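This report refers to the structure that appears directly beneath it.
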Amino acid sequence: MILIWMLCILLAGGILCWLAAQRQPLLARWIALITVSADLLIACWLFPVYQAFPDNSSWFINYQANWIPALGVSFHVALDGFSHILLLLTYFLGILAVLCSWKEVRERTGFYFFNLLWTLAGISGVFIAMDLFLFYFCWEIMLIPMFLLIILWGDVRRHYAAYKFFLFTQAGSLLMLLAILALYFIHGQQTGNYTFDYFALLQTALTPSTAMWTMLGFLIAFVIKLPAVPFHNWLPDAHGEAPTAGSLLLAGLLLKTGAYGIIRFVLPIFPQAAADIAPWMILIGVAGIIYGALLAFSQTDLKRLIAYTSVSHMGFVLVGVFSFSSIAMQGVVMQILTHGLSTGALFLMAGMLKERLHTRDITKMGGLWTSMPRLGGMAILLTMASAGLPALGNFIAEFFILLGTFSNNPVLSIIATLGLILSAVYSLRMMQKVFMGPLISTVPVVDLSARELIILTALSISIVVLGLFPQPVIDTVHHLSTIHPLLHE
Amino acid sequence: MNELQLIPLLPFIILAMASVVTILLIAFRLSHTVIQVTGFLMMCLVVFATWYVRDTLPEEVPPLFIVDGQAALFTGVIIFCVLVIGLFSYIYFEEREENPKEYYILLFLATLGAAILTISQHFISLFIGLELLSVSLYALIAYLRNRNNAVEAGMKYLVLAALSSAFLLFGMALIYMEAGSMKFSGIAEKLPQVSSSPLFLMGLGTIVVAIGFKLALVPFHLWAADVYQGSPTPVTAFIATISKIGTFAVLLRFAQTIHLQQYPLIIAIFSVIAISSMIVGNILALRQQNLKRLLAYSSIAHFGYLLVAFLPGNEAGTEAAAFYLIAYSITLLSAFGVITLLSSREHEAETLDIYTGLIWRRPVVATILAISLFSLAGIPLTAGFLAKFFVLSAGVQQAVWLPLAVLILTSVIGLYYYLRVINTLFGTSGTADVMQKTVHPFFHVSTYITLVVLAGMLFWIGVFPGLVLQGIRLFLLLH
Amino acid sequence: MPVQYYIFLSIVLFCIGVMGVLMRRNAIIIFMCVELMLNAVNLLMVAFSKMWADAGRVDAAGAQIFVFFIMVVAAAEVAVGLAIIVMVYRKSQSVDINIMNRLKN
């Protein structure tokens, strides 16, 4: 029940923001901040519940209510350790997204926060839905507000980017809908019980070819969202043109829904088909790592550069998931968390720079260290995190993934390691172009304000903490090694 | 036939009386408002009558009619639509025409035609219903005769509809020759012996042409955009909803009675029509700058989707089709209602630039339009999503993969133009606020409230379809 | 006389009607062609009614009743149709349907 309240708080908060902004835009900001904070508090409060739960490998909150009984659709939400940390990430980044739009959004404030909160509601719905119909429902609900965020508050080429984002993801999700329906009918015909419930559908027995086709329906939707080469095309545009908070949510959360979907649905429901397609997926993942890194190196647009690093980092996720090793799986979860934090932070920085310099072109930046030492310091930490420097969260994640992959696929994991080197190269290039060298911009810039400092400090601290003490996170997702038979071995 | 058998026909008799009463009211020179209110009450009476006769269903009134749950369901939807359209008509015609009263006679007659289609089980009643609908529509489309477009649209519809009904009759004659009966069940009996005869198939084919014309399916869709654009907006809403519901209902009954879907050839023909409607409709809509034309092309595509639910020919398909029609009618009524509300005496609110930034000027109206567009696009939280969902699930159940794949592909294309309109709604505009019409405050406010209720229904059905679904099942069981 | 003759005649009449509708540009002639098509169907209906009556069907008279319905409806169609054509003529002093292309933006 508490999970439904979390969703309702966000949805109601969004509507309140819209109404409140008619009178006073400032009010909308505060409402949004309070709403997301309340959800974060609830999510934190669930920690002791989780610790107190006797068997910490399973669903410690499970709530089911009838929704459309005629179709076997129920409002089934549940929470395990994995979903829980994703929820924490969602609300943490949600607060930062509200904070970073505090000054940036000046027009239609209420509607902006409405969209922001509804996107968050959709994302949290995706992470907790245990009914495939509900899952699809939430999966779609997060798209529309995101589309509006990009198209209304985005940059110059926002129309193109928003349509591309929407059509790509929508094509994938309709295929997923078809796959969900196929699964629903196959299960119904086998057992006579027509239901969309996740736990029931887990028991479906599928012939190999049906399993492969159905799985592809799911997998394509998730891989587009992730995104993996060759479906990554929408990502640089959408990330580049979205407002700062939009990029933060896209990189930090929306991409994670793809990874979440693969781990939660594709592996457990289609164990055999997933094992069959694994080599191809690892190949795609490695291709993404290298290709993303190379393209990131050649970008001059700061936000597009960061966007391509996401492609590269999410390649690691794909490799880790399909290498079927428990260590790699732990690495994947760490990667989901730390990539959300570090890339989100980089996008925030890009937003802050853009607010000051009115450009995203890194050839027009340079020598900013002298005037912005605080931002520079933060930037070094965050880019190093993104490049996978030891002692920071991303290092552990990528190290675990490579470690897990090496045992069953040494060649590809060595190639993937090249990605780490390339990431150091593009990160250093970015730092060098933006902060070092001669001062190019003539616009007088001011250093970080207190609000911005708080945002970046919070992110930096969490990345460092995750790098030094990853064990709590790894503990919460220990049970993920039961989702696929190969993971046991 | 005895008087007991007349009882199930009570709603239809009252519907027929509605136009007679309207004629009398006009003869006594009563005002537009009186006619509007009386019409409204008569339609409510039809609803009550349907409720009153519910226990006698299903009842056959041989040889022409059968009143069963399915007929009652579709008639209910039709009456609901005409209630809403009648309300929209008041503010629309009060502004434009010095003499808007006869409009209601035609409106009720056309509704009667559509309602008769839902209960007909014989070629004669099919033809009478269809012609009652068409002939009234000729006049309705051209009703605002001082506008060039209206007469042009009326003329186009007239020629093509007359042509299509001639085709329909020719097909009927050929089928009659082979089967020796004009009753659907009579044809079904003879069917095994004649189903391979070329003349019979030719007859079926020409009937499909006529039905395809009425439903504006590709390749018989050429009239749709022009007629949608040229007609008065409430009439456009009528063509888009009632006329198509009636025609689809009779197609459904014909198909159910003679088990049309067991013939691979027929399935192939309908698949091709469905696929080409989805593709052509969506692609032609892409570049439209006129909202009414855009909705015309989108409705071509939507009836393509609907045919996908029709193809399997099973219970789930019928249910999905009924749900789809309900969701689709509410959606289109709210969209056309917004157009009606925004139209001024001189200009139809049909070009997209009128809608630029509407959300900042008239937030409620624009939100309603946005919701209905989301529903057309099939986005969750709206009725359109579940409608599409049911169609998909009916298709998956029967494994008609090719039309399903096309459905998915084209709905992604379709998203693009709906999003384009929504984007326009949210754009920035320099134009000042549209003049508020307060000529008829009562009807203006009630139109407004109706629109809000319609949008609320879209949400409600989109989130809690259980009740509607149960209702549909309950009705469909009565056969 | 065998029923094939009627079928043949009707199909010829019907096709003439279809050709006329598709090829002529004069609205009144188009309308006449539609009437021709309807009458072809009437002929067909009467012929089939006789055919089935000879074959012993008791309800074969239904088709002849249908013919009356068709005639009535055709008359109604003409009434409304001619009214619209008159309006067209008043607007443009012509009944040529080629002038009708103002729609389509």
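The values are calculated or read from the model by the stated rules, or taken from the named source; none is laboratory data. This one's a predicted model, so the numbers in the text were calculated from it and none came from an experiment. Positions of Cβ are generated from backbone atoms using ideal geometry, with glycine treated the same way; all protein chains shown enter the neighbour counts.
Taken over the range B:274-290, the criterion of being in contact with a helix residue (DSSP H, G or I) (Cβ under 6 Å, 6 or more places away or on another chain) and surrounded by 19 or more Cβ atoms within 10 Å (Cβ to Cβ) is satisfied by B:Ala274, B:Ile275, B:Ser277, B:Met278, B:Gly281, B:Asn282, B:Leu284, B:Ala285, B:Gln288. For the range B:54-65, state whether one or more residues are part of a strand (DSSP E or B) and aliphatic (A, V, I, L, M). Yes, because at least one residue in the range B:54-65 is part of a strand (DSSP E or B) and aliphatic (A, V, I, L, M). So the check is Cβ under 9 Å with 6+ separation or different chains; which pairs have a first residue in the range B:433-459 that's at pLDDT 90 or above and a second one that's in a loop (DSSP other than H, G, I, E, B)? From residues that are at pLDDT 90 or above, the pairs are B:Leu458/B:Leu381; B:Leu458/B:Thr382; B:Phe459/B:Leu381; B:Phe459/B:Thr382. Highlighted here are the helices (runs of 4 or more DSSP H) found entirely within the range B:346-436 that include at least 1 residues which are more than 11 Å from chain A (Cβ to nearest Cβ) and over 25 Å from the mean Cα position of the chain (by Cα): B:358-361, B:363-377, B:401-426. Taking the criterion of being of a type in the set (A, V, I, L, M), part of a loop (DSSP other than H, G, I, E, B) and facing another protein chain (nearest Cβ under 7 Å), the only residue of the range C:59-102 that qualifies is C:Met100. Scanning the range A:170-187 for residues that are more than 7 Å from chain B (Cβ to nearest Cβ) and either charged (D, E, K, R) or touching a helix residue (DSSP H, G or I) at 6+ places or on another chain (Cβ under 6 Å) (or both) gives A:Gly172, A:Ser173, A:Met176, A:Ala179, A:Ile180, A:Leu183, A:His187. Residues of the range A:19-30 include at least one that is assigned by TED's automatic domain parsing to the domain that holds A:Phe82, of a type in the set (D, E, K, R) and not in a helix (DSSP H, G or I).
Would you call B:Ala255 closer than 21 Å to B:Phe170 by Cα and modelled with pLDDT of 90 or more? Answer is yes for this residue. Per the listing A:Leu11, A:Leu16, A:Leu93, A:Leu46, the residue uniquely within 29 Å of A:Pro472 (Cβ to Cβ) and modelled with pLDDT of 90 or more is A:Leu93. Number of residues in the range B:98-140 that are more than 9 Å from chain C (Cβ to nearest Cβ) and β-branched (Val, Ile, Thr) equals 5.
Screening the candidates A:Ile123, A:Ile151, A:Ile144 for the property of being at the interface with chain B (Cβ under 10 Å from one of its Cβ atoms), in contact with a Lys or Arg (Cβ under 9 Å, 6 or more places away or on another chain) and hydrophobic (A, V, I, L, M, F, W, C) yields one hit, A:Ile151.
Selection within the range C:1-58: residues that are surrounded by 14 or more Cβ atoms within 10 Å (Cβ to Cβ) and in a loop (DSSP other than H, G, I, E, B). The member of this set that is nearest to the other protein chains (Cβ to nearest Cβ) is C:Arg57.
The residues on offer are B:Gly186, B:Gly180, and the sole one that is more than 7 Å from chain C (Cβ to nearest Cβ) and closer than 18 Å to C:Met45 by Cβ is B:Gly186. Reported count of residues in the range B:148-166, each being surrounded by fewer than 24 Cβ atoms within 10 Å (Cβ to Cβ) and not aliphatic (A, V, I, L, M), is 4.
Name every residue in the range A:365-421 that is surrounded by fewer than 18 Cβ atoms within 10 Å (Cβ to Cβ), assigned to a helix (DSSP H, G or I) and polar (S, T, N, Q), in order of residue number. Selection gives A:Ser407, A:Asn408, A:Thr417. When residues in the range A:85-125 are screened for being of a type in the set (A, V, I, L, M) and more than 18 Å from the chain's Cα centre (by Cα), 2 of them pass. Free of Cβ contacts under 8 Å to residues at least 60 places away in the same chain and in contact with a Leu (Cβ under 7 Å, 6 or more places away or on another chain): is that true of B:Ala399 in this structure? Against the criterion (free of Cβ contacts under 8 Å to residues at least 60 places away in the same chain and in contact with a Leu (Cβ under 7 Å, 6 or more places away or on another chain)), B:Ala399 does not qualify. Quick one: would you say A:Thr359 is surrounded by fewer than 19 Cβ atoms within 10 Å (Cβ to Cβ), in the same structural domain as A:Ile474 (by TED's automatic domain parsing) and farther than 27 Å from A:Val98 by Cα? Considered against the rule, which asks whether it is surrounded by fewer than 19 Cβ atoms within 10 Å (Cβ to Cβ), in the same structural domain as A:Ile474 (by TED's automatic domain parsing) and farther than 27 Å from A:Val98 by Cα, A:Thr359 comes out as no. Residue under question is A:Val443, and the condition is that it be under 26 Å from A:Leu96 (Cβ atoms), surrounded by 13 or more Cβ atoms within 10 Å (Cβ to Cβ) and in the same structural domain as A:Asn408 (by TED's automatic domain parsing); does it hold? The answer is no for A:Val443. Anything in the range A:54-69 that is surrounded by 15 or more Cβ atoms within 10 Å (Cβ to Cβ), farther than 15 Å from A:Phe127 by Cα and either within 14 Å of chain B (Cβ to nearest Cβ) or at pLDDT 75 or above (or both)? List them, or say none. A:Trp67, A:Ile68, listed by residue number.
Here is a yes/no grid of residues against (1) under 30 Å from A:Phe196 (Cα atoms); (2) outside the structural domain of A:Ala129 (by TED's automatic domain parsing); (3) surrounded by fewer than 24 Cβ atoms within 10 Å (Cβ to Cβ):
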{"site": "A:Leu295", "(1), (2), (3)": "no, yes, yes"}
{"site": "A:Gln299", "(1), (2), (3)": "no, yes, yes"}
{"site": "A:Thr309", "(1), (2), (3)": "no, yes, no"}
{"site": "A:Met314", "(1), (2), (3)": "yes, yes, no"}
{"site": "A:Ser323", "(1), (2), (3)": "yes, yes, no"}
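Taking the conditions (1) under 26 Å from B:Pro380 (Cβ atoms); (2) aliphatic (A, V, I, L, M); (3) touching a strand residue (DSSP E or B) at 6+ places or on another chain (Cβ under 7 Å) in turn, B:Val250 satisfies each one other than (1).
For the range B:131-151, taking the residues that are more than 14 Å from B:Phe238 (Cα to Cα), outside any loop (DSSP other than H, G, I, E, B) and touching a Lys or Arg at 6+ places or on another chain (Cβ under 9 Å), the one that is modelled with the highest pLDDT is identified as B:Val151. Against the conditions (1) over 15 Å from the mean Cα position of the chain (by Cα); (2) closer than 18 Å to B:Phe167 by Cβ, C:Ile30 satisfies every one except (1).
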